[in-house]
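One structure below.
What follows draws every value from the coordinates through simple rules; no lab data is involved. As the structure is a computational prediction, the values presented were derived from the model and not from experiment. Don't worry about glycine lacking a Cβ; one is built from the backbone with ideal geometry, like all the others, and counts go over all protein chains shown.
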Amino acid sequence: MKESTKKEIFSWIKSILFALTIAFICRQFIFSPVTVQGESMLPTFEDDNKIIVSKMSKIEHFDMIVFHAPDADENYIKRVIGLPGDQIEMKNDQLYINGKVYNEGYLAHNRQLASQSGMDRLTEDFGPITVPKDQYFVMGDNRLYSKDSRIFGTISSDSIIGEVKFRFFPINEIGNPK
């Protein structure tokens, strides 16, 4: 084999290894693709939607996150309702965080469906619950069918994989989900 051919092959191998290393580092520490499983976030996310989560985000109220489920060997996607130290309460289907009422506009569709089915609320009253240090209180948008902090309690900050930043499938819904 010619010396120039060997150099060319070696150059290609170095380039491929470098690219794989960069991809590995990005996926482990910066972002990761995730497939949504289940219907707990309907209509915001449907089963088999494909999303990108950021592993470097600062988690805020109402962010959508993916985390390791505390009660199963799978990952869940939910909306952050309570941050560490917050007091969470639900009265008459109205969310209170630290005594302040919050309008959850993203629940409008589910409220309409519940009303059409003869239900007067999406969730039972609970709380007040104080979110412990390094913990988060999460709930699914599809409150009638979501297994969330109302059932399994708060989640550890260590279990969070990342914040949802971008949906890339289905094609007609590409973009930043709200």
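Between residue 171 and residue 117, what FRET efficiency follows from the Cβ-Cβ distance if R0 is 30 Å, with the result rounded to 0.05? Spell out each step's value before the answer.
Details: r = 31 Å, r/R0 = 1.05.
Here the calculated transfer efficiency is 0.45.
Over every pair of different alpha-carbon atoms in the chain, take the mean of 1/r and invert it; report that Kirkwood radius in Å. Working shown, then result.
On the way: mean 1/r = 0.0549 Å⁻¹.
One decimal place: 18.2 Å for the Kirkwood radius.
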Can you tell which of 79, 143, 27 shows the greatest fluctuation in a Gaussian network model of the chain with Cα springs below 10 Å?
27
Taking springs between alpha-carbon atoms closer than 10 angstrom, which of 145, 102, 136 fluctuates most in the Gaussian network model of the chain?
102
For the pair residue 94 and residue 62, how long in nm is the line joining their label points, each one 7 Å along Cα→Cβ?
1.7
Suppose each label sits 7 Å from its Cα in the direction of the beta carbon; what would the residue 109-residue 161 distance come out to in nanometres?
2.2
Below 8 Å, C-alpha to C-alpha, sequence gap of six or more: please give me the relative contact order for the chain in percent.
25
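Treating only the Cβ atoms of Lys and Arg (+1) and Asp and Glu (-1) as charged, compute the dipole magnitude of the chain about its Cα centre; round to the nearest 20 debye. Walk me through the intermediate numbers first.
Numbers: 21 positive and 24 negative charges, 174 e Å.
Magnitude of the dipole: close to 840 debye.
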Which angle between 0 and 90 degrees, to the nearest 10, do you get for helix 3-29 versus the longest principal axis of the chain when only C-alpha atoms count?
10
For residue 72 and residue 151 in the same chain, what is the full-extension length gain: residue separation times 0.36 nm, less their Cα-Cα distance, in nm?
27.2 nm
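Can you give the FRET efficiency to the nearest 0.05 for residue 125 and residue 87, using r as the Cβ-Cβ distance and R₀ = 22 Å?
Values: r = 14 Å, r/R0 = 0.66.
Step by step, r from the Cβ atoms, then E = 0.90.
Going down the list 14/50; 133/178; 100/165; 78/165, which pairs span over 21 Å between their C-alpha atoms? All intermediate terms of the calculation are to be shown ahead of the outcome.
On the way: 14/50 32 Å; 133/178 27 Å; 100/165 27 Å; 78/165 13 Å.
In this structure, 14/50; 133/178; 100/165 exceed 21 Å between Cα atoms.
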Under a GNM of the chain (C-alpha, springs under 10 Å), which listed residue has the highest mean-square fluctuation: 131, 101, 66?
101
